[in-house]
1. Please report, in Å, the Rg and the Dmax of the chain, where both are computed over Cα atoms only.
2. For Cα pairs less than 8 Å apart in space and 6+ apart in sequence, what is the mean separation divided by the residue count of segment 44-96, i.e. the relative contact order in percent?
3. Cross-link candidates for Lys56: which lysines have Cα within less than 16 Å, leaving aside residues fewer than 8 places away along the same chain?
4. With a point put 7 Å past each Cα toward its Cβ, work out how far Leu53 is from Tyr32 in nm, to one decimal.
5. Please report Asp57, Asp13 as a ranked list, fewest other C-beta atoms within 10 angstrom at the top and most at the bottom.
6. Once the convex hull of the C-alpha atoms of segment 44-96 is built, how many Å³ does it hold per residue, rounded to a whole number?
7. For the chain, take the longest principal axis of its alpha carbons; what is the angle in degrees between that and the long axis of helix 79-96, to the nearest 10 within 0 to 90?
8. Taking the Cα centroid of segment 1-37 and of segment 65-97, what is the distance between the two, rounded to the nearest whole Å?
Amino acid sequence: MPSNRCQHIFNPDSDLEHRCGSPALRAETHCYYHHPSRKPSVTRHARRGFPILLPKDSTSLQYSLLQVIDKLAANQIDVHRAGLLLYSIQLASKNIF
Ligand SMILES: [Zn+2]
């Protein structure tokens, strides 16, 4: 029997598994949030954060900028957080030069 409820299963490898149960998209098996074609805007890794090298010279400054740009380009960090990090790097760079 076809279901019009999302078939996504939370915690599939544990005893706490349960289905999403939200209304599925028309003629689909998943809701908007769990549809396979949807990419999350912020990954679990980004929510945990990532170690950032505090810039102490021009080389480490460049590396710190590249870390943020790389995460932003890969959509692994939200724009607001990236803006705060870039501003922090800018402040730190004023103490270097
Ligand atoms: Zn769902």
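1. For the chain, the Cα-based Rg and Dmax read 20.0, 68 Å.
2. Values: 36 pairs, mean separation 20.4, N = 53.
Relative CO of segment 44-96 lands at 39 percent.
3. Partners within reach: Lys94.
4. For Leu53 paired with Tyr32, the spin-label model returns 4.1 nm.
5. Working: Asp57 10, Asp13 7.
Fewest-to-most ranking of Asp57, Asp13: Asp13, Asp57.
6. Numbers: hull volume 3.3 nm³, N = 53.
Roughly 62 Å³ of hull volume per residue.
7. It works out to around 10 degrees.
8. 36
Values in this text are rule-based calculations from the coordinates and carry no lab data. These numbers were taken from a predicted model, which means no experiment stands behind them. Note that each Cβ is placed from the backbone with ideal geometry, even for glycine, and that neighbours are counted across all protein chains shown.
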